[in-house]
1. Which of V46, A167, T116 sits closest to the plus end of the dipole of the chain, meaning its Cα is farthest towards the positive end, when Lys and Arg get +1 and Asp and Glu get -1 on the C-beta?
2. Kindly express, to the nearest 10 degrees and within the range 0 to 90, the angle between helix 2-18's C-alpha long axis and the longest C-alpha principal axis of the chain.
3. What's the magnitude of the charge dipole for the stretch 124-241 around its Cα centre, counting Lys and Arg as +1 and Asp and Glu as -1 at the beta-carbon? Answer in Debye, nearest 20.
4. Rounded to the nearest 0.05, what FRET efficiency is calculated for N222 and N30 with R0 set to 30 Å and r the Cβ-Cβ distance?
5. Taking N as the number of residues in the stretch 18-115, what is its Cα Rg relative to 2.2 N^0.38 Å?
6. Provide the percentage of antiparallel DSSP beta bridges, counting only those with both residues in the stretch 28-160; round to the nearest 5.
7. Suppose R0 equals 30 Å. What FRET efficiency, 1/(1 + (r/R0)^6) with r the Cβ-Cβ distance, do Q187 and D140 give to the nearest 0.05?
8. Nothing charged except the Cβ atoms of Lys and Arg (+1) and of Asp and Glu (-1): what's the magnitude of the dipole of the stretch 40-123 about its Cα centre? Round to the nearest 20 debye.
Amino acid sequence: MKKFALMLSLIFAIVSCGYSQPKLEVIGGNNYDWGTTYPKDSPLKVKIKIKNTGNDILKIYEVKPGCGCTTAPLDKNELKQGEEATLDISLNISNFTGSITKSIRITSNDPVNKDTYIYLKTNVFRPLIVQPNSNITNSDMSLNKEATYSFQLKNQGDKAITITYIAHSPDDLVVNIEKGQTIAPNQVLSCTARLTPKKAGNFNGYIRLSTDDPNSDNVYINLYGVVKDSDAILKAPVPAK
């Protein structure tokens, strides 16, 4: 009889252990959306709580943001049954435009979901944008011959935007944009930047525009290319056959 009672106790203990496990839950769901934001709002911040809804100790092994633009320190790494912890999330959006989604991976001893993901979303709106994009490459550059970069500035906001300052590099870059120039709502302004390269090799330049719009205070256009020395190519000796 005693042996039977002991066996029942062992079976009960084994069954109990089998159902004793931690469970990680993200309070409010695994998606957080800031909606429409502006570069001046950076960094975006939110506190997200996680909870142990299981019946054993939850251990957080790692919290890993998907990119360097996101930080998410956690205030505690072990949670008892029913206990909560807080992720203090910060997302740097200063270099983004348009709809973005970033992730945070939480690795724990939850046997069902070893990796739990939190997704952060926002739509970064800039009234003044560069089309087709702000990084422009000229693949046809030659020494001492004028090269042209073409792009567009579009005001996709509902207020006129005035250019208040223009800076560029190199100094001899000629840009057809003027200080005081106003771009009306929905207007697309065709722009060019011209220069005559004086040095062969890799070329890097930029244009920086400041405006009176707090959400488009600085607009950068980056210029790239490789300047070829046509004369050097023509004068190069022909390899003997």
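1. The listed residue farthest towards the positive side: T116.
2. 20 degrees
3. It comes to approximately 420 debye.
4. Computed FRET efficiency for N222 and N30 comes out at 0.25.
5. Normalised by 2.2 N^0.38 Å, the Cα Rg of the stretch 18-115 equals 1.19.
6. Beta bridges within the stretch 28-160, antiparallel portion: roughly 85 percent.
7. Efficiency computed from Cβ-Cβ geometry: 0.55.
8. Charge dipole, the stretch 40-123, about its Cα centre: 260 debye, nearest 20.
The values are calculated or read from the model by the stated rules, or taken from the named source; none is laboratory data. Being a predicted model, the structure only gives us computed values, none of them experimental. All Cβ positions, even for glycine, are placed from backbone atoms using ideal geometry, and neighbour counts span all protein chains on display. Surface accessibility is based on the protein's heavy atoms, side chains included, excluding ligands, DNA and RNA. Shrake-Rupley method; radii C 1.70, N 1.55, O 1.52, S 1.80 Å.
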